[in-house]
Structure formats: C-alpha cells, structure tokens
Ligand SMILES: Cc1cc2nc3c(=O)[nH]c(=O)nc-3n(C[C@H](O)[C@H](O)[C@H](O)COP(=O)(O)O)c2cc1C
Ligand code: SF4
C-alpha cells in the first residue's frame, strides 16, 4: 500500500473513558431516525468485505458467524459488505442478483437480528462494477489479447504487414518504444490489465448502462427488502460503476456525463427506480465520495452538490467515504488484477498509522462537514454518516457535537473489537481493544483472503468451537467479550 512520504507515525489513543451515566447521556448513544427505521444509537459499522461468501456468491455459515459476531456488540447499524447486483460469476463476493440468493440472505438477517437481541438494524450495500482483467503475461498479451490495428502497422512502417508479423515485432520492442506505438489504453491493458470505463460508449454493454442499471439496482433492493434487511445502501463510492458516473473523469456525451447534472443523472435515476420498487416506507441511502482524491477528480464542492440532489431525491441517509480509485492504483504483478486501494487515493480511503501531518484519524471530517452543511442549507435533515479512523468516544462525540455528521461509522475499530461501543456504553471503555491502523486486515482483503485482525486472530486457536481459516493458522471471528 502507498504511504505518504512524510512517514509520520500516529498512535491511536483510548481517550477519556465515559462512565455509564455519561455514555447514556451522550450524543453517540442517543437514538436517531433514518427514514423508516430508528437506530438506538449513532454507531454504525460500515460495509467491509470479509471474503467469506461461497465461490458462487451465496451466504455461508462463515458469513453468518461474522455478522452475528458484530451484532453481539449491538451497534446502531451494521451494513453488510458490497453485494453484487448482477447475476454473473464474481468469485467469492456476496451476490443478490437473483432470487436463488434469497434463502441465504433471509437466514443472515434472521440470525443477525437474534444475535443483537433486536438492538441493531441491518442494511446491505448493493454494488455494480465493470469488468477488469488481470495483468497479462507480456508474450500472451501480444500473441492473443492485443487487437492489431492499422495504426500499429503504420507505426511499424508496413501497411501490408500480417497480424502475426505485427505481434512479433511489437513483442520485441522495449516499453519506451511501445509507448510511442500503442495507444494509452493499450499500454494500460499491457501494464495493468484491461479495464472497462463508463466512458467506453463504443461498447454496447457500457453505452447501455443507463438503461440497465435502474432495473438491476431496483430488483436487488427489492430482494433485500424481501430478505428482511432494514434498509439498502447504494454503493456510489470508490472505484465502481456509479462512482465512475459521478466522477469528474466521466466525459460521456450522451447526457450521462460532463456537467454536474449529467454526472448525477444516472445515480438519480437509479434512486427513483429503487424507490418506486421498495416504496416510501423503506430505508434507502447511499455511500458516496466526499472527495475522489485523484488528479482531475471530483471535489468536495461536487460532492456537496450530489449530496443535496440525493437528499432532494428522497434518500434517507448519506454515508461518505473518500478515494479508493483505480486511477492511481499500483501496477499489479503479472496474473493479478489492479486494486483500487494501493495508491494515494487508496490511502485516503483506509489511511494507516504511518501518515502525513493530517494523520489517519478523521481525514474525512472536514469534507463531510461541508457536505452536511450544504444539505442542511438546502433545507434537508437527511442524516449523514462519517467514517474514517474513529476509535474512541471523545472523537465520535466531538464529530456529533461539531455537526460533522449525525451518525459515526467505524470500520476497522469495529473489526479490531466488535464490542467496543458496547464496552463504552457499559462503563468498560478501558477494555476496548484499540485498532492499531496497521492495515493487516486490508492486506488480506487485497489478496481476497478471509479478513481477520492481527489483534485477535491468533488468540486461543485450540479453544473448543473456534473456527479457523483453511490453513488452520487464524481464527475467523474475535473471542467473545466476557464481562468481568
Ligand atoms: C477489509 C475491508 C473491506 C472493506 N470493504 C468495503 C466495502 O465493501 N464497501 C465500502 O463501502 N467500504 C469498504 N471498506 C472501507 C470501510 O468501510 C471504511 O470506509 C474504511 O475502512 C475507513 O474507515 P475506518 O477508518 O473506520 O476503517 C472496507 C474496509 C476494509 C478494512
Ligand atoms: S488488522 Fe486489526 S488492528 Fe490492524 S488495521 Fe485491521 S482492524 Fe486495525
């Protein structure tokens, strides 16, 4: 993972430990209405892919165990990981693109509800993403993948050259020489693996996204409602399709790109279609980027505009993230796919303890605050969720007191200790296992390995009932909190 060159080390601190009475009187532990539901407290576990679904995208026992473990910490809400809306093979990513996924998802909602004793609301994040290929082997790229064009022939000086000759000649050239012959996209396909963009309108499946996605999202959201989820979060963030429509890099000229209005058009059409399908009395929100954090990417002013439009379109919550783009991702190894959390924008999304002057804690506070202010000034009281580096009571409480947000998200701190807010509420804040923001978990995520936390995955491996990863080296869920 990329790290800021300043290399300043930050240490998470437990902060002030509230008494039971103080916690009970706090903003963090006060209820909040989110559309049709009410959260008992303003604590929120944002979506995190733990790589526990089956290869066909079904809910497994491990998926159920994972979310039940979070539920026993009784946060206000848990958002289930990014779940694919299309009925296409996507590896071990959870899927909701067909009714056959319903029984598993129903089992999940029921189990989580029981595990939290009915205290936690359960939402699901639904996602669309475009195709990305692994970085090819150089020889294979020239022999099989590259489509030979007249531009290549012209550059090599032989208009009558056969495809085979062109391939052979190109394969012998250095990267420096190739840059002058191959197009930027062809170079990218060679160096990173071919990746579709929303601007590839010459491809029918890309051109027609505005016609396809409203139906796909609304069918998936409808399934989520039938499966018993309390709400749906549309994934409009990071490197995926909807975020790419919102991006300043979206130069589509068919009315779905270019201007702010054009870029927001499809995301708003999806909201309308989903709302029609799930009804007015169902909680629907989205996660989107407060800042894209790439050169030429969307700014916080753009995000404020989007936030206002989403609120006006009737979303029940707005959850912010930042960065996480392919545009500045590291070159993957041969045979691996590029990963959108490996460059500077990836750092903004999941900043670790080695940082710059801004540090890893609360990097999205300023931008989210500006978005919320714009939404309020436009006359909407839509709750806003802010996430990023939150790991203690003081920090969460200050964000609420300062009007940064209405709900506080904590992903890695909840992974490090799913009971952390329950401990705070019960006066046991001193027992919180503080996330160290090392991104060991993120490294596992990147390799599509079962995500665990270094602070607990080696504890009591041989204890009865403890389930381990396939290699037997790590436990799959954190030890239970036994209140002393
Ligand atoms: C293992 C892992 C998986 C993640 N998966 C998702 C995801 O599916 N959807 C999403 O919007 N964000 C995802 N994120 C980002 C988190 O929701 C969160 O925004 C980020 O970790 C920063 O918050 P934190 O500092 O509280 O961890 C993931 C993060 C981690 C560590
Ligand atoms: S592995 Fe654990 S301690 Fe490290 S960043 Fe992830 S959650 Fe935090």
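Scanning the stretch 243-261 for residues that are touching a residue at least 40 places away in the same chain (Cβ under 8 Å) and outside any loop (DSSP other than H, G, I, E, B), which turns out farthest from residue 323 (Cα to Cα)?
260
Test of understanding: among 475, 412, which residue is closer than 14 Å to residue 50 by Cα and either within 8 Å of ligand 2 (Cβ to nearest atom) or assigned by TED's automatic domain parsing to the domain that holds residue 15 (or both)?
Values: 475 fails: either within 8 Å of ligand 2 (Cβ to nearest atom) or assigned by TED's automatic domain parsing to the domain that holds residue 15 (or both).
Every option except 412 fails the conditions.
Residues of the stretch 417-440 being free of Cβ contacts under 8 Å to residues at least 60 places away in the same chain and either outside any loop (DSSP other than H, G, I, E, B) or within 9 Å of ligand 1 (Cβ to nearest atom) (or both), which ones? Even if it seems obvious, please write down each step before you answer.
Quick first cut of the stretch 417-440, residues free of Cβ contacts under 8 Å to residues at least 60 places away in the same chain only: 423, 428, 431, 433, 440.
Across the stretch 417-440, the qualifying residues are 423, 431, 440.
Just checking, which of 280, 264 is modelled with pLDDT of 95 or more and either within 19 Å of the chain's Cα centre (by Cα) or in a helix (DSSP H, G or I) (or both)?
After ruling out the rest, the residue left standing is 264.
Take the residues of the stretch 209-240 that are surrounded by 24 or more Cβ atoms within 10 Å (Cβ to Cβ) and within 14 Å of ligand 1 (Cβ to nearest atom): which is farthest from residue 314 (Cα to Cα)?
Of everything passing the filter in the stretch 209-240, 239 is farthest from residue 314 (Cα to Cα).
Any idea which of 123, 146 is over 30 Å from residue 185 (Cα atoms), buried (at least 19 other Cβ atoms within 10 Å of the Cβ) and touching a residue at least 40 places away in the same chain (Cβ under 8 Å)? Break it down stepwise before answering.
Numbers: 146 fails: over 30 Å from residue 185 (Cα atoms).
Answer to the check: 123.
Can you name the condition, by its number, that residue 376 falls short on among (1) touching a residue at least 60 places away in the same chain (Cβ under 8 Å); (2) away from ligand 1 (no atom under 16 Å from the Cβ)?
The one condition residue 376 does not meet is (1).
With in contact with a strand residue (DSSP E or B) (Cβ under 8 Å, 6 or more places away or on another chain) and without any contact (Cβ under 8 Å) to a residue 40 or more places away in the chain as the only criterion, which of 300, 390 stands out?
390
Yes/no per residue for (1) part of a loop (DSSP other than H, G, I, E, B); (2) farther than 27 Å from residue 135 by Cβ; (3) at pLDDT below 95:
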residue: 314; (1), (2), (3): yes, yes, no
residue: 335; (1), (2), (3): yes, no, no
residue: 347; (1), (2), (3): no, no, no
residue: 360; (1), (2), (3): yes, yes, no
residue: 368; (1), (2), (3): no, yes, no
residue: 374; (1), (2), (3): no, yes, no
residue: 382; (1), (2), (3): yes, yes, no
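Of all helices (runs of 4 or more DSSP H) completely enclosed by the stretch 56-170, which ones contain at least 2 residues that are within 24 Å of residue 234 (Cα to Cα) and within 16 Å of ligand 2 (Cβ to nearest atom)?
Because the criterion is at least 2 residues that are within 24 Å of residue 234 (Cα to Cα) and within 16 Å of ligand 2 (Cβ to nearest atom), the helices (runs of 4 or more DSSP H) in the stretch 56-170 that meet it are 61-71.
If you check residue 402 against the conditions, is it assigned by TED's automatic domain parsing to the domain that holds residue 17, within 16 Å of ligand 1 (Cβ to nearest atom) and more than 19 Å from the chain's Cα centre (by Cα)?
Criteria not met by residue 402.
Condition (residue is within 16 Å of ligand 1 (Cβ to nearest atom), at pLDDT 95 or above, within 22 Å of residue 351 (Cα to Cα) and not in a loop (DSSP other than H, G, I, E, B)) applied to the stretch 447-454: is it met by at least one residue?
no
Kindly evaluate residue 49 against the criterion of being crowded, with 24+ Cβ neighbours inside 10 Å and either touching a helix residue (DSSP H, G or I) at 6+ places or on another chain (Cβ under 9 Å) or not in a helix (DSSP H, G or I) (or both).
For residue 49, the condition - crowded, with 24+ Cβ neighbours inside 10 Å and either touching a helix residue (DSSP H, G or I) at 6+ places or on another chain (Cβ under 9 Å) or not in a helix (DSSP H, G or I) (or both) - is not met.
Out of the residues in the stretch 418-441 meeting the condition of being within 8 Å of ligand 2 (Cβ to nearest atom) and buried (at least 20 other Cβ atoms within 10 Å of the Cβ), tell me which one is farthest from the chain's Cα centre (by Cα).
435
The values are calculated or read from the model by the stated rules, or taken from the named source; none is laboratory data. Quantities reported herein were computed from a predicted structural model and do not represent experimental measurements. When we count neighbours, we look across all protein chains shown, and the Cβ atoms used for this are built from the backbone with ideal geometry, even at glycine.
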